[in-house]
1. Which members of segment 55-70 meet the condition of being open to solvent by less than 20 Å² (accessible area, probe 1.4 Å) and of a type in the set (S, T, Y)?
2. Considering (1) modelled with pLDDT of 75 or more; (2) exposed (fewer than 10 other Cβ atoms within 10 Å of the Cβ); (3) not polar (S, T, N, Q), say which one E235 fails and leave the rest.
3. How many of the residues making up segment 82-105 are within 15 Å of L247 (Cβ to Cβ), open to solvent by 100 Å² or more (accessible area, probe 1.4 Å) and out of contact with any Ser or Thr (no Cβ under 8 Å at 6 or more places or on another chain)?
4. Which strands (runs of 3 or more DSSP E) sit wholly inside segment 1-119 and have at least 2 residues that are under 22 Å from the mean Cα position of the chain (by Cα) and at pLDDT 95 or above?
5. So how many residues does segment 235-288 have that are β-branched (V, I, T), under 17 Å from G353 (Cα atoms) and not in a helix (DSSP H, G or I)?
6. Go through segment 401-416 and give me each residue that's within 17 Å of S63 (Cβ to Cβ) and in contact with a Ser or Thr (Cβ under 6 Å, 6 or more places away or on another chain).
7. Just one of the numbered conditions (1) in contact (Cβ under 8 Å) with a residue 12 or more places away in the chain; (2) open to solvent by less than 80 Å² (accessible area, probe 1.4 Å); (3) assigned to a helix (DSSP H, G or I) is not true of L400; which one?
8. So for segment 352-369 (the condition being open to solvent by 10 Å² or more (accessible area, probe 1.4 Å) and among the aliphatic types (A, V, I, L, M)), does at least one residue qualify?
Amino acid sequence: MQHNNAKSIIFYNGLTEKSSCGYCKKDNSSYSNGMWASSLTVEAYQDMIDRGWRRAGKYCYKSIMDKTCCPLYTIRCDALNFEISKSQKKIIKRVTAFLKNGEYEKNPINTEQAEREPLMKYEDIQNHDDKMKITNSDYLFDEEQSTSDIGSSDSTLVITNKEDSKMVVPLNLNFNVETQKETKKVKPGKGADPNLPSSKKKKFLRIQKKLAKDPNFVPKISPPQQKCLEEFIAENDSVYTDGDKKLRIKLLTMRSSSNSFEDEFAVYQLYQTVIHGDKIERCSREQFIRFLVDSPLKAEKSNHPDHPGYGSFHQQYWLGDKLIAVGVIDILPKCVSSVYLFYDPDYHHMVLGTYSSLREICLVRQLHNMSPDLKYYYMGYYIHSCPKMRYKAKIRPSYLLCPLKYTWHAIEKCIPKLDDKMFSIFNESDDTQEDDIFTIDNILVLYRGSLMPYSAYKIIGRKKHQDEQVIKEYKMLVGPKLARQLIYCIMD
C-alpha cells in the first residue's frame with residue numbers, strides 16, 4: 001500500500017442517538033454513539049470497524065449494545081475458506097438460467113432475501129450536521145471519466161479514477177474452466193438397457209473381481225470434486241446471450257461513478273420506495289449523495305500495478321444497457337466491507353442481495369492474490385432478532401466481534417448465547433488488551449486551525465468540565481490505538 005499524508009479528522013461531541021429502530025420498528029428504542037468524520041485513512045477505518053464502528057456516508061456510529069433494542073454485532077467472513085452452500089449454488093444457477101433464456105421460477109427459492117443495513121434517517125442526524133459543518137463539496141462530477149467491466153467474457157476489470165484514467169486488472173481465477181464444450185450428437189434410441197448393470201453396480205463388480213484375484217486389494221474411493229465459487233461465477237460470465245441479457249459488473253471509484261449518477265439514483269428511489277416502503281420525498285438526491293456517495297475515506301494506491309486501490313467504490317450490475325443493482329463497498333487493508341446494496345425491484349427474483357454478496361466474496365479472493373493481508377469480507381452488522389439478517393449466518397465460515405474484548409468468535413458458538421440473551425459477551429476471559437498508559441492529555445486536538453495535544457488545549461482553550469468527560473468517553477469508544485491516530489476536532 002502506498003501511504004499518503006492524509007489525516008483522520010473526526011468531530012465527536014458526546015452524541016448519543018435515540019431513534020426509531022430500522023429492524024424492530026420500535027420508536028425511540030435504538031441507542032448509538034455517533035461522530036462525523038471529515039477524513040479518514042483506510043487504516044484508521046479498518047481499526048474502527050474492528051471495534052464495532054460503521055459508516056453511513058461520513059457519519060460513523062456504534063451501537064450501545066447493552067442498551068439498544070436490537071444489538072448490532074459486527075460480522076465478517078473468512079473469504080479464503082468460504083464454503084458455498086446448496087442454497088447459494090441454487091441462486092447462482094437461477095441467475096445463469098435467467099441469463100440463458102430469460103425464464104425464472106415464480107416461487108422464490110426458500111431463502112431469506114439478503115438485505116443490507118437500512119439507511120439512517122436523515123432527520124435523525126441533520127441537526128448535528130450544521131455543528132460539524134460537513135458538506136458535500138467532495139462529490140465531484142467528472143464527465144471525462146470512463147468506465148469498464150468486470151465479469152464480462154474477456155475477464156478484465158478496469159478501474160477508473162482521477163489519477164489513472166484506465167487501469168486494467170486481469171481477473172485470474174486460478175483454475176481452468178472450459179467455457180465452450182463441444183456437445184456430441186447422440187442418435188435417438190430406446191434408452192438404457194435395463195438388463196445391464198448401472199454404472200455404480202459396474203464399479204462394484206470390478207472391485208469384486210479384483211478382490212477375488214487379490215484378497216489384499218484395497219479399493220481407492222476418491223470423493224467427487226467440488227466446484228469452487230469462482231467456477232460457479234464463471235458460468236454466469238460465460239453465458240453467451242444477446243446484448244440485453246449480458247450481465248456485466250463494473251467496479252468504479254466514487255468520482256467515476258458520477259457518469260451514471262442518474263441511473264443509480266433512479267434505481268435507489270425504486271428500491272427504497274418499493275422494497276422498504278419509504279416515501280418518495282425521503283429519497284432525495286441530497287440523501288442519496290449524503291449516505292451512499294459521500295465518503296470520508298481517502299483513496300490510496302496499492303503497490304501492485306493491477307490492484308484497484310483502497311477507498312470507497314460502487315460495484316454496478318448491468319443487464320445489457322440497464323443498471324439493475326449497485327453495491328456500495330469499501331476496500332480496506334484487510335477486507336472488503338459491504339456498506340449497502342440497492343437494486344431494481346423488477347429483478348427481485350435474482351435474489352440480488354445474496355448474489356452480490358457472493359460476487360463481493362469473489363472480489364476479496366481476487367484481491368488477495370495482489371494483497372495477501374486482504375482476506376476478509378465484512379458484512380456490516382448481524383442482528384440475531386431480525387429474520388432478514390439471518391442469511392449472513394449462512395455465509396460461512398463467519399465470525400462475530402465480541403462487544404467487550406473486540407475478539408472474533410465463530411458464529412456457530414455465538415448463536416446459542418444469542419438465543420438465550422440478545423446482548424451477549426463472547427469472550428468471557430479475564431484477559432485485557434486495552435492500553436491504559438495513553439492518557440487523554442496526549443490526544444491530538446484541532447482547535448481554531450491549530451494542532452496541539454489536549455494538555456495544551458486545556459491551557460489556551462476555554463475548557464469546560466464536560467469537555468474532559470466527553471473526551472474520556474471518546475477515548476473509551478475508539479480505544480487507545482485509534483486515539484493515537486485520529487485528530488479530535490474541537491469547535492467553539
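1. Within segment 55-70, Y59, S63, T68 qualify.
2. (2)
3. Summing the residues that are within 15 Å of L247 (Cβ to Cβ), open to solvent by 100 Å² or more (accessible area, probe 1.4 Å) and out of contact with any Ser or Thr (no Cβ under 8 Å at 6 or more places or on another chain) in segment 82-105 gives 2.
4. 30-39, 54-56, 59-63, 73-78
5. 1
6. Hit for segment 401-416 is L401, nothing else.
7. (3)
8. Among the residues of segment 352-369, not one is open to solvent by 10 Å² or more (accessible area, probe 1.4 Å) and among the aliphatic types (A, V, I, L, M), which makes the answer no.
The values are calculated or read from the model by the stated rules, or taken from the named source; none is laboratory data. Predicted, not measured: the structure shown is a model, and the values here were computed from it. When we count neighbours, we look across all protein chains shown, and the Cβ atoms used for this are built from the backbone with ideal geometry, even at glycine. Areas reflect the complete protein model, heavy atoms only, side chains present, ligands, DNA and RNA absent. Shrake-Rupley method; radii C 1.70, N 1.55, O 1.52, S 1.80 Å.
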